Amino acid sequence: MAEAAAVAATEMTVEMVKASQLGMKALGAGLAVGLTGIGTGLAEMAIGSAAVGATAENKDIFGLVLLLTVIPETIVIFGLVVGLLLLF
Amino acid sequence: MFTPEGMTRVLIAATKSQMEPVIRELYRQHLFHIEEFVEKDSKEYEGYRIGTPLPAANETSRELIRLRGITSSFGIREDEEVPVSQKVKSSHLREVIEKELPLLEQETEELLAKRAKLDAQIKEYEQKIETLRPFQDVPFDLSLLRGFRMFSVYCGYISKSLSLDVPHEIFSADTKKGKFVIIVVQQKDRAGVDQALPEAQFQAVPIPDEDGLARDRIGFYESQILARKGEMEEINRKLDDIRTRHRDLFLACHELLSADVEMAEAPLRFATTGRSFVVEGWVPTVHLERLKEGIHYATGGKVFVYECEPSEISDVPPTEYHNPGFAKPTEMLMDVYSRPRYTELDPTLIVSIIFPIFFGIILGDVGYGAVLLVLSLALHRFLKGEEARRLAIILRNASISSIIFGILFSEIFGFSLPWKPLLFSRHLNIGGHAGGHGPDVTGLMIMAVWIGILQITLGRVLGMVNHARQDHGSHRVKAVLANLGWIMVLWGILLMIWASFSMPFMPDLTGMPPIGMGLNLASIGGLVMIVTGVLFIILDSPLEVVELPTILSHVLSYARLVGVGLSSVAIAMVVNFIAIGLIIEPQLESLTALGVIFIIIGGIVLVVGHLLNTILGMLGGALQSLRLQYVEFFTKFYKGGGRKYNPFGMKKRFMED
């Protein structure tokens, strides 16, 4: 086992390192979008349910609650920005 | 254009004898927004009282309620959109209401009563059939089950086996609900039976009060029901006939009576004394002369109309939009947020231009744009109702912008058009044979940031104008300076960034002569702007300082224009790759019978995928660009909360004077 690893380590080429870096970048981008997406989801969950309840009581505040609901969306947008900058 | 319609406060005073003509004229003109009179709520108050309705109010409302009963039984909605070929003269309509309508109403009411009676009968017969149903297999007369003195009769279902140790006679039949039994025992043996029955889980069934075989009786009632249903159908046909022939008449009468009731109840909003009345309200300044002349003409000049001076007015006028036709549909988006206050700038025109542009940047694709354009034109044609049509026009403008940006981005359904992107490239490297440079994310991002910087600066400038218009005294100066402070901080930060880093599509100030501490002229200038800006902000409200990071987050928030757009492009390209690259193309190389099926499946994947992406793109594009207006733009200057201008009167759909 250790022997095999040693062989692999010696045979590591520049292409392999580059490919590996690319993979790490892709992973990082995926994490950035995915985790921020979860964050946004968690935040919008509570706001959204309250917003629906409030709108049921008074339809006039629909615009206001829509606004409040989409505020956490910024989090995932930042994740997306980071992801895109990582990839390209 | 950027301000709501100008309003003038008008006070009308006259003797009570002029009340009716004044109300009639105000109603006809449909211009006067009545400010309701509120009576002071103290015991010793002696002054104006709320008026009483005109004498005709009672009878007219009664007539209206009766008509509403009829229309609702026909399922006619008062706001129903019906094509109106010719308007009816209101004088003619009055005659109809007096003569024809009562007859029609009577006829309808009779038919309805008859139908209700038939309905009740059918229900009753169905009930009877229900009680007879268990006995349908009983081969003897039902009258034999009743009227004994020496015997007791038990009828019902049992679900376990029954053992009776008293002399008895039993009839049983198997049914879906269990075993149906009729047991006859002597009165004196009842105790034994009462004990045994619960053990067999006996469920009693009442004996129907009928003579003859149950099956015959059921048949008889069923034929009765059929006959009643036939009669009901006849009545329904008659009612339908009345509905189709007189629907427009009902609607026109409803309009006239509603107008009459509203006019008759108008004095409830007036201030009155024993012999006179006063009514206050707002009228668009451009129509002021028309209102005055109309009232003068209608009353022979016996009414006093007074324009209030601004110094005499304490409350805020109602808001009526005043926009060019192009921006009118966008007023809907403004109402969703909040109508502007009378004193505020009305950003409808700005939104009506920027919203489609943002939509286009997000969904810049000729194909999707064309699909949405067709959809919006179809919606505009087939949808009824003002709001829906306005929405269709907003979508139309947005999709036209989407097509224009599609040409600039060189995109059609995720494919590229036969030219290189004129703006920034959004083509991703998706698919087996993808090549090229990939998207120009840096360029796109900087474009988005520039849009953000410009719109936020515009928002702050509008904020300065708003505060200058609305506030008074020292607060006014402070508020204007605070908005200027925000602009200075934003541009100061930009200057410092430009002085330190060189970026594409941004001014490069790194080459400025250095002054000291690693700072050059531009960064010193930026620093000064930031410090002054923060001081201006603190001067107005120190707490606002915690909001400083929003400068960064709001500008970066515009990155969604790129992010959401690129994800839409990615989905389109992935759909193309799966459908064409993975399913269709391999089959085309050597066509087989199975291959044709695969190609069809590929086609379905292509269509469904793009359909889904169109819907996603439309929702994402609309919501995200709307959000940028609402959250990032409006919060800089816009408060809203204006009252709707709601003039006394109505838009006549069916009648004319």
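For this structure, a couple of remarks:
- In this Cβ point-charge picture (+1 for Lys and Arg, -1 for Asp and Glu), the protein assembly as shown has a dipole of about 660 debye about its Cα centre.
- For the stretch B:314-349 and the stretch A:29-76, distance of Cα centres in Å: 27
- Counting Cβ atoms of other protein chains within 10 Å of each Cβ in B:557-567 and taking the mean gives 4.
- Within straight-line cross-link reach of B:K176, lysines at Cα separation under 17 Å, skipping those fewer than 8 residues along the same chain: B:K160
- Over 23 Å (Cα to Cα) - which of A:K59/B:K636; B:K16/B:K652; B:K328/B:K652 fall in this group: A:K59/B:K636; B:K16/B:K652
- Taking 0.36 nm per residue of sequence separation and removing the Cα-Cα distance, the B:K384/B:L349 pair yields an extension gain of 10.1 nm.
- Rolling a 1.4 Å probe across the protein heavy atoms gives the stretch B:86-145 an accessible surface of 62 Å² per residue.
- Each of B:T550 and B:V477 was given a label point 7 Å from its Cα along the Cα-to-Cβ line. The distance between the two points is 2.6 nm.
- The phi-based Karplus calculation (6.51 cos²θ - 1.76 cosθ + 1.60; θ = phi - 60°) puts the 3J(HN,Hα) values of the stretch B:511-519 at x, 5, x, x, 10, x, 6, x, 9 Hz, whole numbers, x for Gly and Pro.
- The stretch B:224-281 - Debye-derived log10 I(q)/I(0), Cα point model, q = 0.16 Å⁻¹: -0.70
- Taking the protein heavy atoms of chain B in the context of the full set of protein chains, the accessible area attributed to carbon and sulfur is 60 percent at 1.4 Å.
- Helical segments meeting 20 Å axial Cα length and Kyte-Doolittle -0.5 threshold in chain B (DSSP H): B:57-74, B:348-362, B:366-382, B:386-409, B:441-470, B:473-500, B:521-540, B:560-576, B:593-627
- Pairwise burial B:A, computed as accessible area of each alone minus the pair, summed, 1.4 Å, Å²: 1500
- Centroid-to-centroid separation of the stretch B:629-656 and the stretch B:359-428 [C-alpha atoms, Å]: 28
- The ellipsoid equivalent to the alpha-carbon distribution of chain B has semi-axes of 68, 48, 27 angstrom, derived from the gyration tensor eigenvalues as √(5λ) and listed largest first.
- Selection from B:F32, B:L132, B:M1 lying farthest towards where the dipole of chain B points positive, charges on Cβ: B:M1
- Taking the C-alpha atoms of the stretch A:31-88, convex hull volume expressed per residue in Å³: 55
- Principal axis analysis of the Cα atoms in the protein assembly as shown yields extents of 125, 106, 55 Å, listed in decreasing size.
- Additional length obtainable on full extension of the chain from B:N429 to B:Q203, 0.36 nm per residue less Cα span: 73.9 nm
- Using θ = phi - 60° and Karplus 6.51 cos²θ - 1.76 cosθ + 1.60, couplings along the stretch B:177-182 (whole Hz; Gly, Pro as x): 7, x, 8, 8, 10, 10
- With the cut-off at under 20 Å, measuring from each backbone N in the stretch B:442-480 to a point 7 Å along the Cα-to-Cβ line of A:Q21 picks out B:442.
- Note, ³J(HN,Hα) from phi for the stretch A:55-69, Karplus 6.51, -1.76, 1.60, rounded to Hz, x at Gly and Pro: 5, 4, 6, 8, 5, 5, 8, 3, x, 5, 6, 4, 4, 5, 5
- Exercise: per-residue mean of other protein chain Cβ atoms within 10 Å, B:627-637: 2
- Approximating the spin labels as points 7 Å out from Cα along Cα→Cβ, the B:M517-to-B:S276 distance works out to 7.4 nm.
- Each Lys and Arg adds +1 at its Cβ and each Asp and Glu adds -1 at its Cβ; summed about the Cα centre, the stretch B:444-557 shows a dipole of about 200 debye.
- Local electrostatic count, B:P167, Cβ distance below 14 Å [Lys/Arg +1, Asp/Glu -1]: -1
- Charged neighbours of B:Y342, selected by a Cβ distance under 13 Å, balance to +2 (K, R count +1; D, E count -1).
- For chain B, the dipole from Cβ point charges (+1 on Lys and Arg, -1 on Asp and Glu) about the Cα centre works out to 700 debye, to the nearest 20.
- Förster radius 41 Å - calculated FRET efficiency between B:E231 and B:F151, Cβ distance, rounded to 0.05: 0.45
The values are calculated or read from the model by the stated rules, or taken from the named source; none is laboratory data. In this text the structure is predicted, and so the values were computed from the model without any measurement. Quick reminder, even Gly has a Cβ in these numbers, built from the backbone with ideal geometry, and neighbours come from all protein chains shown. Each accessible area value is taken on the protein alone, full model and side chains, heavy atoms only, with ligands, DNA and RNA left out. Shrake-Rupley method; radii C 1.70, N 1.55, O 1.52, S 1.80 Å.
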